[in-house]
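A quick write-up on the structure given underneath.
Each value in this text was obtained by applying a stated rule to the coordinates, not by laboratory testing. For clarity, every value in this text was computed on a predicted model and none was experimentally measured. All Cβ positions, glycine included, derive from the backbone under ideal geometry; neighbour counts span all protein chains shown.
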Amino acid sequence: MKKLVAGTLVALLTTCGSPGWEDAPQIAVGLNCQGDRMTVQIQSGARFTCSDIVHTLDTYRAAFEERWGQIDLGGRVVRIYATRYLTPADGGVVVGGVTYRDAIDLGSSMLVGFPHELHHIQLGPSSADHHGWCQDFMPWEGSELGFDDRLGCQCE
């Protein structure tokens, strides 16, 4: 399968927040959208349309599922922030995405991080340390998505 993202995107930030499986913080939702087996919410103030965001997320999900198997989001809503990156309350660390018990949050410039968050859901809360991801998942992200986040998350 050809790369889904052109160019050499290297995450200089961490891609994921610590998936502690707590409930997601509240955000002001501007748009509610329906994707392939998922609900997508776009934060108020974001300059996106449902079709732009949903198409991109559906494409990333299809690529993920082709390699790693079908995934059930477990009722989680995918939320796209108006800001490029997220700054979680727990320490103010800038991240591209965070998995919660009830949501996946992605910064507006980090949609390519969606498969990373899907992998957290697939593996469960014990995946917070990314142990073993450098051997299989992160190389797949690099070759398939053109996204190298090994600089962001400590996987070993």
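Each residue of the stretch 48-60 in order: what ³J(HN,Hα) in whole Hz does its phi give by Karplus 6.51 cos²θ - 1.76 cosθ + 1.60, θ = phi - 60°, with x for Gly and Pro?
10, 9, 4, 4, 4, 5, 5, 4, 4, 5, 4, 5, 5
If I take R0 = 30 Å and measure r between the Cβ atoms of SER51 and SER143 in this structure, what FRET efficiency does the formula 1/(1 + (r/R0)^6) give, to the nearest 0.05?
Values: r = 28 Å, r/R0 = 0.93.
So the FRET efficiency works out to roughly 0.60.
Would you mind counting up the charge near MET38? Only other residues with Cβ under 14 Å from its Cβ, with Lys and Arg at +1 and Asp and Glu at -1. Kindly include the intermediate steps, with their values, before the conclusion.
Values: positive: ARG37, ARG61, ARG76, ARG79; negative: ASP36, ASP58, GLU65, ASP72, ASP102, ASP105, GLU117.
Result for the neighbourhood of MET38: -3.
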